[in-house]
Amino acid sequence: CFFSTFAQSLDPNCIINCLFTLFVLMLCTDSAVERRALRESVFPRFREHCRHTLGLDVQVIDPYECSDPGRWPDETTRHKLIQECRDTSAGPFLLYGAFSLPSQVEVSEFQLLLQESQRAGLSTLELERVYGRDENTIPPSYCLRPPHEQAGVRQAQEKETEEMMMMEKDEERKKVFQTAVGLCVHHGLMTPEKAAAPDQPTDEALLSELCDIFLPGLITSYEILLYTITTECDRRYGYTTARRRTYADSLCQQAYSDLVKLTDSFNMSDPVDALARGKAEQEELCTELSQFYELIRPEEDEVKAYVLQRDQQCPLVLTGGTCTGKTVLMAHCARQHVSDSDGKPNAVLNPKSTTPAMSLCELKVHLSTLLSSLPSPKRPLVLILDGLDQTENNCGLQVIERLPSPLPPGVKLILTVSSNQKHILQAIRLHYPQCSPPLCNSEDSGQSGYVHVQLGPACRKGCVKMLASHLCRSGRRVTSGQQALVNQALTSCCLPLYVRLLHTHASLWHSDSEVTESSLPDGVHPSISALLDLLEQKHGYFLVSRAVSYLTLSRTGLTEAELTDLLSSDNRVLAEYVQQGESSSSKMRVSQVSVERLLLDLRGFLMRRTVGGSHVLFWVSRHFGLVVAKRYLGANEVKRELHSEMADYFTGRWACGCSKPLQVNQESGEMAVYVDRQPASQPFAFSSSKGVGRVNLRKVLELPHHLQESGRGEELEDMLLTSLGFHQAMVRAGLLEDLVVMLDGGKDSSGLNFARERWLLGSILKSSSCFLQSSPLEMPTVMEMSLIPYLEAFPALEGYIREIRKERRKSGSGVGVVLWPAPSAVPAIKCVQSDAKTGKVKEAAGTECGIVAVLMDDDSLWIWKGVGCDIVELSLNCEQEEVKFAGVKSSGQFILLSTHSNKLLMWDVTGPECFLEVKDPSKTESSQCTLDEIQRFAACQEKICVQWKDESFVSVFEISSETMTHFQCQSSVNCLVCSSDCTYMYCGEEGGTVSIFNTNTRSLLGTCSRSSHSAVVSVILCENNWEMLCVDRRGNVALWDVAAKAHLPILLKEGSPGAESNDVLSTDYSNEFHTLLVCQSQQVTLWDTLELEELDQFLAPRGKTFTEAVFSHDGHLFLALLDKCCLVLVWSVSTGKCLLSLETGTSTLPFTLIKTASDVICVGRDGCLTLWDSEMICAAGTALKMGCGVKEVAVEQEGEGFYTTDGSEMVWKWNLETGLPYIYLQHNGPVEKLRLSLDSVHLVILSAGEIYIWQTKSGLNIVRISGSRATDILLTPNCNFGVSVSERGLSRVWKLANGGAVCSIHLYLSDAQISSESTFLIGRRRGDLLAASLWSGSISKRFSCVESSEHVVAFHSLSEHPDFVVVIAASGSVYTWKVAEETVCRHFQLPYTLHCQPQDFHMSSDGSYALLSTDNEAVTILDLTQIRLCSFKAKGPVIKACLDRSGLYVIYVSCPTDLDSNCVCHLHVRPVLTVIRLADGTQIGSVCLPKNPLTLAVCEQQCVVVGFEDGSVGVYSLLDVNVNGKETEKWKEHLPRYLSQCPFDRTLSTWVPLKTPNITWP
């Protein structure tokens, strides 16, 4: 039989555990085939089912799985395993029935059994041989001896013969034991309950009792599923192999079906948010650790007193030696005394090894969050940082620097540090210089800066009692002689962890065991090693070594099921398993019971805690990890190998039937066998038929760590850091901040390939964090909209976008982007925060390769070296004194530093971090100039040219000879420029002169000056044609020819700014476009240096002044800083418009802009660096858009392009394939109306009262009509005629082909429409609805409401029902009017509260749906198929709405209003485009629009065209497999095509209109 049941206490509606445990106890002798079939085909499938549908893992424990009976667990172990199932499983399935000898029998009972057996004439020699008396048990008992282990290697035949003999003897012992028990019960010497066996002693009676009484009663009471079989084959031959296989297959099918049916009734709660999850995990951690607090410590009272003290603003530091129990004490205090304070406990942050490793950035974020949100007078925050000296990467000192000093009110800080970490204690003392006196009990506390509590070793007496208590709980004790040795050991080591380890060893002693001093390890680490020795002997070397190694190397711990998977995937473990007698097969695993037995032996030293919703095992003390690392992981190769194995497991490399090769020993030698280890699959999110699948948090938390530690950086980047699936999982799991930290990079990211791509991804996620935390499922859409404009700059992210679109197609619905609108802002790819505590930037410099040096006003210098680096302080020592810096300058690849010790240091940033001292041999040490006197310098590989402040000479330092030469000028030098090899030097002087020197010959070549003699502030040398630009202080420009070195420079041209100018602040030059930029406080002037003409002048915004301006890298834009403005503004050189505003992400003002080879860097006044990619700025700034807001859109029938107008003289035609406009249609006045015929053959434009008819194929303006006085234009559905509607004149009907007039309509009809048959012009007039014939112009039909006081407010013709018009009256009555027959039918009355809005009223072509209203933050639809009103609630006021022509969708744009007062997220305030499927009200998708829309149009290809207020256009595609099944080819989403031509160099075709009208209407 084979049956299963739930535990009685299980409530399927309240599942809180994360594990199913199946405990299999089938009859071991005759169920091997069935058990194996279940293990290989049922349980793996059931495990995957539970993981995907319930988020629960499954582990299967079959105690008889091993083929060697000697390795079966004894009765005591089985009972412990069953109890573990009850304690940890969400639903234990118990499959029951088998007998084995008990492992322990009390002395009196064993003697009774022997007596009864001997009276019955049974031999008890075998029982006496296998049982031995042990006085160390409580009560004294006879214990089953372990099986004898034969030494040496036995031949296969001998081994088989011996195993058969052992099995026969075992059966004999069982029969004797069962018989003796039965006799005792029969004679009344033992109760049946005590015997735990049926009354009758025979096997037949036992089987009869089981089948006839016990099982039927159990089945009836517990509704157990029962699996039985009746044999009908010949009893002489029994089952054939085929019959048994057939039965096993049917059993597997039925068992799987029943298991799934049982679990489908579970109602799993939704996952909690990350904050709540983290809080619960911290509380659980405290609870688990506090259970190890067994010795009362007096230091507990000091901690309690500190917590209750209100006015204490310094931390408490708990110090102690190794293993003194600091962590356990803190956990106990957090549970007891923090909870007893007036406010409830707030946070316990534990960066030590008992918690998942936390990076410094993560810790900083967590601290900031806690300190800003939690503390209050009524709810104080008690923050515990445990193991500050044991943090990852030894960042304890940096953690201390980030702690607030003094502590804010309502905050208590407790730190634990090892006593020998003097540098940590010193850092705390310096960080908290003052300490309130009330609690400073120690002698040095008044000067220490913190409350100091020293935790020493426990007393020996307490340790002895603790050991005795542990032995008693485990049913053991020790003899007096053994106790003496224990007391001696505890005298030398009184640590709680040592006591627990000592208990493990002492519990194995028998009363007759020979125990000596050498039997007891003399410390914690030797005790752990001795424990591992015992485990290796019991369980095997590789099973133990790999199990503890995997637990040690895990980042967050491992579940039992994961540990078994890893051990099964480990070839060394599985090979050892095969060598122990297990036969290799195509599907094979390490038995779960083997792992569980090992974990039972480690129970006191492994802690089960919840991490990411899973119960994981973790070492109680970090010292286990230290011993394991030293014992098994000494070589880095072994560490990397095991990390790689764990990475393979969490990537799912060997899951889903993928076999892994295993080397096994055969008679013919060693050979590879491919074995399916059946590990669990590892998707980022589990797919589920019940909705959105759960995130695989185990993979998310573990995989990055193992890929990093195994040296598989490329896989880390490809599979995780630039993977959409990983990003989605992290965001959905509430780990967005952690993801941003990972993408931002750190110490281990320098070897990765796509640092800039990761920076961009992290920057977008960070800027969208508020929105994504509330709407995590919108992450793919947010990333797509943010990345697509910049794919040309980051082509490596194309795969990321393809993943997004593949995911959308897989989901079957969504809104995608076909044409992206021009960006109005550019995200910074990185923000680097300086750790400078106080002060402002004094000076900053940067090199072309991207290295930035920032000098603060406290004379500290901070360096940022780019990819994978933080801003770090440069620390130099000279003559055992720390160097203080006075200034920093840069030129090309060189940085020049000056110090307060009168030294100049030059650094070539392309080489090693080596500083060359620049000395002037002619000066003494005391008279050496400092950099405070240096204005600028120019350098090459051989020379350094230095300009001194307010000096009339410049100096040239030759690096090879270390000599310095001074060159004298006529007046003080204001600027300096050199040729690329520093041969020629040009010095601009205060007197308006430029002196030219040859540094090789050390001679003056000549001078030049203007007649005005205004001070020269900038000199720019164009070496390609040897021309020199000079800019004086007032902005005047002079161009000189300096090609002839032997002659004086020749003045070519001069130029002066047109407006009144002031002092020049900065200059920049674009070699490509020969354009000079001159920045002054009130204007920025651009000069064409070829003709030396002023190109343009940009005035500063009113009330603002410029402080700096530079060209973009391509020269089409320039970037400028304004005073008292935190933004960097970007202007277009060609149009003069301010296109972009770049946010620095900080509230501090910018200090300067640095342009590197690939980036623009803004240095903030606080030292923060903000980086923008130059290509991104170019892409955003050069994106084409119309001059004003898009007012109308007309889409071609074939979907190849569309037309837009912004009200100017130009109409743009766009090509969807390129995403760019390619034709301009020119008109002689502002465009008022834009109409495209349904066949897309004719385009009709109303411009300044004139009508233009264009042929779209040829681009010819075939008709230009003047004198129309039209206010609107309509085109007939048959594409033959047009109607010009005039409010104050005649409305005319004319032919599209030639503009020939057909007729005139004398009455003005408002809101006019053309009937579907192209026969009538229908419109409202004085409350009625009139229909004018398009052939005669006469009013031939009229619709009037029944009530004379009522009037028509809205109407719509139906293209699929051309005879009918739907009419809505002011009262809400809905009519249909058959125009030809002039018949009216009143259908129903709308609610009086609903007011139909004529401007919104729209109907589908078949008349099924009508859009009535967009009031009250809702879209109201009239469903005419079911005569009902449907209201779709929007997130705010609806500003645009429309139906698609076929009536499948309603599309609307709303502006969110329900915002948190603290929310500053840009996505939360953006308009949202939403698409609703009308058939069932399902939201197909939504997308945040980047700016405010002005127009909204839907085309038949199910795409939405949006025109924005800044002149840009966006096209969005609708994907809905329930309707269209696939994307429309014409509007299929595509990636941008990279254009080899610059956007400003592209020439667009222009369609020119007729010079004069060819038709004039009177």
- Of all strands (runs of 3 or more DSSP E) fully inside segment 1370-1437, the set with 1 or more residues that are crowded, with 17+ Cβ neighbours inside 10 Å is 1373-1378, 1409-1413, 1418-1423, 1428-1433
- Check whether at least one residue in segment 678-696 is open to solvent by 20 Å² or more (accessible area, probe 1.4 Å) and more than 32 Å from the chain's Cα centre (by Cα), and report yes or no. no
- Item | Flag if ALA1180 is within 33 Å of the chain's Cα centre (by Cα) and not hydroxyl-bearing (Ser, Thr, Tyr) | yes
- Message: Looking for something surrounded by 22 or more Cβ atoms within 10 Å (Cβ to Cβ) and more than 23 Å from GLN291 (Cα to Cα) - is there at least one such residue anywhere in segment 479-494?
- Response: yes
- Query: Name the residues in segment 1139-1175 that are of a type in the set (Val, Ile, Thr), open to solvent by 20 Å² or more (accessible area, probe 1.4 Å) and outside any loop (DSSP other than H, G, I, E, B), would you?
  - Reply: THR1152
- Looking across segment 838-887 at residues that are among the aliphatic types (A, V, I, L, M) and not in a strand (DSSP E or B), the single one that is modelled with the highest pLDDT is ILE851
- Task: Give segment 819-837 a look and list any residue that's part of a strand (DSSP E or B) and surrounded by fewer than 22 Cβ atoms within 10 Å (Cβ to Cβ), or say none.
- Result: CYS831, VAL832
- Does segment 1466-1477 hold any residues that are in a loop (DSSP other than H, G, I, E, B) and open to solvent by 10 Å² or more (accessible area, probe 1.4 Å), and which are they? HIS1466, ARG1470
- Note on segment 1039-1058: residues more than 21 Å from THR1001 (Cα to Cα) and either in contact (Cβ under 8 Å) with a residue 40 or more places away in the chain or not in a loop (DSSP other than H, G, I, E, B) (or both) are LEU1039, TRP1040, ASP1041, ILE1050, LEU1051, LEU1052, LYS1053, GLU1054, GLY1055, PRO1057
- Query: Got a number for residues in segment 931-956 being farther than 14 Å from PHE997 by Cβ and open to solvent by less than 30 Å² (accessible area, probe 1.4 Å)?
  - Reply: 7
- Note on the structure: Residues of segment 978-995 being in a strand (DSSP E or B) and open to solvent by less than 10 Å² (accessible area, probe 1.4 Å), in sequence order, are MET985, TYR986, CYS987, GLY988, GLU989, VAL994, SER995
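Yes/no matrix, rows are residues, columns are (1) touching a Ser or Thr at 6+ places or on another chain (Cβ under 6 Å); (2) free of Cβ contacts under 8 Å to residues at least 12 places away in the same chain; (3) of a type outside the set (A, V, I, L, M):
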| position | (1), (2), (3) |
| --- | --- |
| GLN1389 | yes, no, yes |
| PRO1398 | no, no, yes |
| HIS1402 | no, no, yes |
| SER1408 | yes, no, yes |
| ARG1428 | no, yes, yes |
| VAL1469 | no, no, no |
| VAL1472 | yes, no, no |
| ASP1480 | no, yes, yes |
- Out of all the residues in segment 1495-1526, which are touching a residue at least 24 places away in the same chain (Cβ under 8 Å), within 18 Å of ARG805 (Cβ to Cβ) and assigned to a loop (DSSP other than H, G, I, E, B)? GLN1501, GLN1502, VAL1521
- Task: Just name the residue that is modelled with the lowest pLDDT out of those in segment 579-598 that are more than 24 Å from GLY652 (Cα to Cα) and open to solvent by 20 Å² or more (accessible area, probe 1.4 Å).
- Result: GLY581
- Note on the structure: The residue that is nearest to the chain's Cα centre (by Cα), considering only those in segment 1298-1326 that are open to solvent by 20 Å² or more (accessible area, probe 1.4 Å) and of a type in the set (Ser, Thr, Tyr), is SER1316
- Query: Across segment 1215-1232, which residue is surrounded by the most Cβ atoms within 10 Å (Cβ to Cβ) among those that are of a type in the set (Val, Ile, Thr) and in contact (Cβ under 8 Å) with a residue 60 or more places away in the chain?
  - Reply: ILE1223
- Query: Among the residues of segment 849-871, how many are touching a Gly at 6+ places or on another chain (Cβ under 6 Å) and either surrounded by fewer than 19 Cβ atoms within 10 Å (Cβ to Cβ) or closer than 20 Å to ARG756 by Cα (or both)?
  - Reply: 6
- So is SER527 of a type in the set (Gly, Ala, Ser) and surrounded by fewer than 20 Cβ atoms within 10 Å (Cβ to Cβ) or not? no
- Any residue in segment 1331-1343 that's touching a residue at least 12 places away in the same chain (Cβ under 8 Å) and farther than 21 Å from LYS1295 by Cβ: show its pairings with residues that are assigned to a strand (DSSP E or B) and among the acidic types (Asp, Glu) at Cβ separation under 7 Å, as long as the two are six or more apart or on different chains. ARG1342/ASP1328; PHE1343/ASP1328
- Note on the structure: Given the conditions (1) open to solvent by 10 Å² or more (accessible area, probe 1.4 Å); (2) touching a strand residue (DSSP E or B) at 6+ places or on another chain (Cβ under 9 Å), every one holds for LEU563 apart from (1)
- Task: Could you please let me know if LYS1440 is loosely packed, with under 14 Cβ neighbours inside 10 Å and modelled with pLDDT of 90 or more?
- Result: no
- Item | The one condition in (1) open to solvent by 30 Å² or more (accessible area, probe 1.4 Å); (2) not in a strand (DSSP E or B) that ILE1262 fails to fulfil | (2)
- Would you confirm whether any residue within segment 657-677 is touching a residue at least 24 places away in the same chain (Cβ under 8 Å), outside any helix (DSSP H, G or I), aromatic (Phe, Trp, Tyr) and open to solvent by less than 40 Å² (accessible area, probe 1.4 Å)? no
- Item | Matching entry among LEU563, LEU553, LEU532 (being aliphatic (A, V, I, L, M), more than 39 Å from the chain's Cα centre (by Cα) and at negative phi) | LEU532
- Restricting segment 94-135 to residues that are modelled with pLDDT under 80 and part of a strand (DSSP E or B), the residue that is surrounded by the fewest Cβ atoms within 10 Å (Cβ to Cβ): LEU94
- Hey, among the residues in segment 1176-1214 that are assigned to a loop (DSSP other than H, G, I, E, B) and free of Cβ contacts under 8 Å to residues at least 40 places away in the same chain, which one's nearest to TYR1516 (Cα to Cα)? GLY1207
- Only one of ARG555, ARG608, ARG546, ARG603 that is open to solvent by 10 Å² or more (accessible area, probe 1.4 Å), of a type in the set (D, E, K, R), closer than 21 Å to THR327 by Cα and modelled with pLDDT of 90 or more: ARG555
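The values are calculated or read from the model by the stated rules, or taken from the named source; none is laboratory data. Since we're looking at a predicted model, the values are computed, not measured. We place every Cβ from the backbone using ideal geometry, glycine too, and count neighbours over all the protein chains shown. With ligands, DNA and RNA removed, areas are computed over all heavy atoms of the protein, side chains included. Shrake-Rupley method; radii C 1.70, N 1.55, O 1.52, S 1.80 Å.
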